Amino acid sequence: MNLARLLLEGFRWFDDALRSRLADQGLAELTTAESMVFPYLDPGGTRPADLARRLGITRQSAQTLVRGLERKGLVELSDDPDDGRAKRIRLTASGRRSVPLALETFAQLERELSRRIGTKNVAQLRNALEAEWGDSPAVQQPDN
């Protein structure tokens, strides 16, 4: 299996467990795409265009995600104090309650991963992922 797929499988392992735990605790069930929104929200709110850029998706796709999270009561759109024409995405009280639970879940999952593959392997994985990778390279078409 190639490295990109291995990284995606690792992400899914964490994300599936997180979404299951949040649902078990009575919070709204999230899709994988919806769960990816939360790390990109700023404490003071985030403009939808900034969210789209951070996620690498179109503004329309970001708006779809935000509307779904609004229906679930996890985020709200409010006026941007710096620009009366703009909006900011903010966590609701329910959305804010999910944050400590998510952080504790990630800590538990990291401990479980250490138990399964070893503390040294988890430390090496963390070091590799924290390293500066630089900008995405332009990949050339292979010569045939």
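A few comments on the model shown:
- For region 39-94 and region 17-32, distance of Cα centres in Å: 20 Å
- Every helix of 4 or more DSSP H residues in the chain counts as -39500 (n - 2.57), and over all residues that averages to -19000 deg cm²/dmol at 222 nm.
- Ordering 33-43, 80-90 by mean Cβ neighbour count within 10 Å, with the highest value first, yields 33-43, 80-90.
- Beyond 22 Å, the tail of the calculated P(r) for the chain holds 51 percent of the Cα pairs.
- Rounded to whole numbers, the Karplus 3J(HN,Hα) couplings from phi for region 35-42 are 5, 6, 5, 4, x, 9, 8, 7 Hz, using 6.51 cos²θ - 1.76 cosθ + 1.60 with θ = phi - 60°, and x at Gly and Pro.
- Acute angle (nearest 10 degrees) that the helix 93-117 long axis makes with the longest principal axis of the chain, alpha-carbon atoms: 0 degrees
- Between helix 119-130 and the chain: long-axis angle, C-alpha atoms, 0 to 90°, nearest 10: 60 degrees
Every number here is computed from the coordinates shown, using simple stated rules; none is lab data. Bear in mind that the values here come from a model prediction, so they are computed numbers and not experimental data. Methodologically, a virtual Cβ is constructed for each residue, glycine included, from the backbone with ideal geometry; neighbour enumeration extends over all protein chains shown.
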